[in-house]
Amino acid sequence: MTLAQELSQRLQQALESHAAAKGLELPEGFSAPVSTAADLRFGDYQSNAAMMLAKPLRCNPRQLAQELVDSMQLDGLASVDLAGPGFINFRVLPAAWSQRLQAQLNDPKLGVGQVEPRNIVIDFSAPNVAKPMHVGHIRSTIIGDSLSRIARFLGHHVTTDNHIGDWGTQFGMVIYGWKNLLDEQALKSDPLQELLRLYRAVNSLAKEDEAIKDACRNELVKLQAGDSENVEIWKKCVEVSKIGLNRIYDRLNVRFDHWLGESYYNDQLGPLVETLLSEGNAKESEGAICVFSGDLLEPNKDPFKEKRDDEWSDLPMIVRKKDGAFNYATTDIATVDYRLKEWQADEILYIVDARQSLHFRQLFDIAERRGCKAKLEHVSFGTILGKDGKPLKTRDGDLPQLDDVLNDAVAASRQILEEKSGDLPEDEKEQLAEIIGLGSVKFTELSHHRSSDYIFDLEKMVALQGDTAPYLQYSYVRISSIFRKLDEGSDYTPGEIAIEADAEIHLARCLSRFGEVLPVVLEGYRPNLLAIYLLDLAKAFHSFFEACPVLKSEGEVKSSRLALCELTRKVLEQGLGLMGIQVPERM
RNA sequence: GCGCCCGUAGCUCAGCUGGAUAGAGCAACGGACUUCUAAUCCGUAGGUCAUUGGUUCGAAUCCAAUCGGGCGUGCCA
């Protein structure tokens, strides 16, 4: 149990017995909130319960708080007092810190409690094949990977699925290009770039020339009809694309349990539409098969309604186009069915750009109407903008490829390594540059609130000062250095944690919050809260490092400080690991 | 038009279910390396939380309106 939970429980007991004695009835489902103190001068934790209850219980909040303060059983856990209009402030006692931290140090989960495990499917990254990943894929890939790691660490059963776009309309163009413009030599040396070149070349030709556009459409129709030559070309494209994608995923250390792309569901789409029709969930309209509103919501909240000319009209989800082809809506419905049936999903997370929110609102509404009980969540994120404040666009082909961005970040950290640690061996510098550079890119992404847009600024992303990955990695390095020095003297006797100095108390406070932060991160699908937490922790450690000598201290103080270092090291490593960021031993 | 998201320090952004004097980083200024790695630490300065009204003991946070920006809105994904 976390400190906050423990205090909350004790406060709740005091509250219930107080209410019973006075014949008062607590509001339905009320549980005493305890949160970290807003201002550390007041204590470590605080509760506003008395003020929240003043009105429903018709009592004076200060008086209620006083009664609770007087009657709480804290058993040496914390001191408690009353302030202002009824704040209840807790200050954890030194002995309690010692006991908590000791337990945390011995806990493989570092104080993170057990949860009721759920089957969580996480759908992320999902690039189109036949095109290399670009900066726009950073968000989904990194957020999704981090949430997967966090959910697993919390004890959930997580299934990750890369729902690649391997059946889109782009294949019309790619196949046309393959047949007419292919450079065999280039395909051998750098297949992904060659596919991209074909796509771009045909795309610009098709813009100019209707005949070429038609030819592309024709290739696509042939592919979808199972034309053997086109299917062969398609297979090759997917194959080489996957190799290219995997190179980047390996580099980023991102793994998927499955790669069930759009093509995987092809065979299920026809029958699915028939089912939707027979269920009464879909009907024909203007030549297409559509799903309309279930009329369960007010029109302005209904994803299937739209106000046009002062009148609410239908905005259906099209599951079969009038030309008979299916679209991504159809595939997504099939995908939900599959994940529910095959993976017994309790929860499905879609880590997808916020611009698709209408699509998901419709998709989830349909799923619910068809009896889906799982929690479906569009974990949306904002757009990556160019320096002009406008979205980076795929079409113009100008936006940087992901691999180039990663290379730039690695090169920037390599340069700093050269300046700061020039005497390290070359191969180690190379390795470190990779760890630090990629860490920076990931941390930049994860420290932003996901719903806000952000401007893609390579210099910023690669900046290695301030609130960045290297700051966190550096704190880890400083700890490692202490233990290296210690080994040389080899007089480490693990001891009780006994904290005294302000910097030690603050470090303890941060350390023990690890288990409080992670569940909140998953609840809101917000890795940035973890990023903030780790920055707080690293700051606390750096301050401690400056204020409290470790190796130069003696006896119990020394072994206690070593234990603090050990725990900090573990939490930093684990926390960064949950963001997919590695830690170096030196830098 | 309608719907969704956003507006916080010069810049980039935090701010968990409403809580005490709104916080970081960068940039600026001033200090700290013969002492566990200065990619660090300590300090100073910087604010009408877009505007107005409402809800209440208490609002950056909730509600409404307005202004400004972005996105979406029937056969692309």
TODO: May I ask you to list the lysines whose Cα is less than 18 Å away from that of A:LYS305, ignoring any residue fewer than eight positions away on the same chain?
DONE: A:LYS283
- [ ] Between A:ASP309 and A:ASN246, take the C-beta separation as r, use R0 = 51 Å, and let me know the FRET efficiency to the nearest 0.05.
- [x] 0.50
Open item on the list: Could you tell me the center-to-center distance, by alpha carbons, between the range A:23-63 and the range A:562-586 in angstrom?
Closed with: 36 Å
TODO: Please give the peptides A:217-229, A:438-450 ranked by average Cβ packing (other Cβ atoms within 10 Å per residue), highest first, as a rough proxy for protection.
DONE: A:438-450, A:217-229
TODO: May I ask for the distance between the Cα centers of the range A:497-545 and the range A:272-344, given as a whole number of Å?
DONE: 46 Å
Open item on the list: If each residue of separation counts as 0.36 nm, what is the full-extension length gain between A:LYS460 and A:LYS235 once their alpha-carbon separation is subtracted?
Closed with: 77.1 nm
- [ ] Compute the FRET efficiency between A:SER481 and A:GLU377 as 1/(1 + (r/R0)^6), taking r as their Cβ-Cβ distance and R0 = 41 Å, and round to the nearest 0.05.
- [x] 0.45
Task: Segment A:GLU210-A:ALA225, extension gain: residue separation times 0.36 nm, minus the distance between their alpha carbons - done: 3.2 nm
Task: Sequence-distant lysines (8 or more away, or on other chains) whose Cα lies within less than 24 Å of A:LYS213 - done: A:LYS131, A:LYS179, A:LYS222, A:LYS235, A:LYS236, A:LYS321, A:LYS322, A:LYS393
Open item on the list: Under a Cβ-only charge scheme (Lys and Arg +1, Asp and Glu -1), can you give me the dipole magnitude of the range A:286-440 about the Cα centre, in debye to the nearest 20?
Closed with: 840 debye
Task: Pairwise label distance in nanometres, A:GLU342 with A:GLU523, each label 7 Å out on the Cα-Cβ vector - done: 3.4 nm
- [ ] Please compute the net charge surrounding A:LEU272, taking Lys and Arg as +1 and Asp and Glu as -1 over other residues with Cβ under 13 Å from its Cβ.
- [x] -2
Open item on the list: What percent of all Cα-Cα pairs in the range A:434-506 falls into each 5 Å bin, going from 0 up to the bin containing the maximum distance?
Closed with: 3, 12, 15, 15, 15, 11, 12, 9, 5, 3, 0
Task: Surrounding net charge for A:ASN106, when Lys and Arg each add one and Asp and Glu each subtract one, Cβ distance under 14 Å - done: 0
TODO: Would you calculate, for chain A, the mean residue ellipticity at 222 nm contributed by helices, counting each DSSP H stretch of 4 or more residues as -39,500 (n - 2.57) and dividing by all residues, to the nearest 500?
DONE: -18000 deg cm²/dmol
Open item on the list: Ranking request for peptides A:280-286, A:417-423, A:120-126: highest mean number of other beta-carbon atoms within 10 Å first, then the rest in descending order.
Closed with: A:120-126, A:280-286, A:417-423
Task: Net charge of neighbours whose Cβ lies under 13 Å from the Cβ of A:PRO117, counting Lys and Arg as +1 and Asp and Glu as -1 - done: -1
Task: chain A, dipole about Cα centre (Lys/Arg Cβ +1, Asp/Glu Cβ -1), debye to the nearest 20 - done: 620 debye
TODO: Report, for chain A, the % of DSSP beta bridges that are antiparallel, rounded to 5.
DONE: 55 percent
Task: Order by protection proxy (mean Cβ within 10 Å, highest first), peptides A:501-507, A:234-240 - done: A:501-507, A:234-240
Open item on the list: In chain A, if the dipole is taken from +1 on Lys/Arg beta carbons and -1 on Asp/Glu beta carbons about the Cα centre, which of A:GLY580, A:SER475, A:TYR249 is farthest to the positive end?
Closed with: A:SER475
Task: Unit charges on C-beta of K, R, D, E only; dipole of the range A:487-587, Debye - done: 400 debye
Open item on the list: Rounded to whole Å, give me the distance from the Cα center of the range A:80-116 to that of the range A:229-257.
Closed with: 48 Å
TODO: Pop the C-beta distance of A:LYS322 and A:ASP295 into the FRET formula with R0 = 22 Å and round what comes out to the nearest 0.05.
DONE: 0.35
Task: Additional length obtainable on full extension of the chain from A:LEU424 to A:MET52, 0.36 nm per residue less Cα span - done: 128.1 nm
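Where a number appears in this text, it was derived from the coordinates with a stated rule and is not lab data. Everything quoted here is computed from the prediction, not taken from an experiment. Cβ atoms come from the backbone with ideal geometry, glycine included; neighbour counts cover every protein chain shown.
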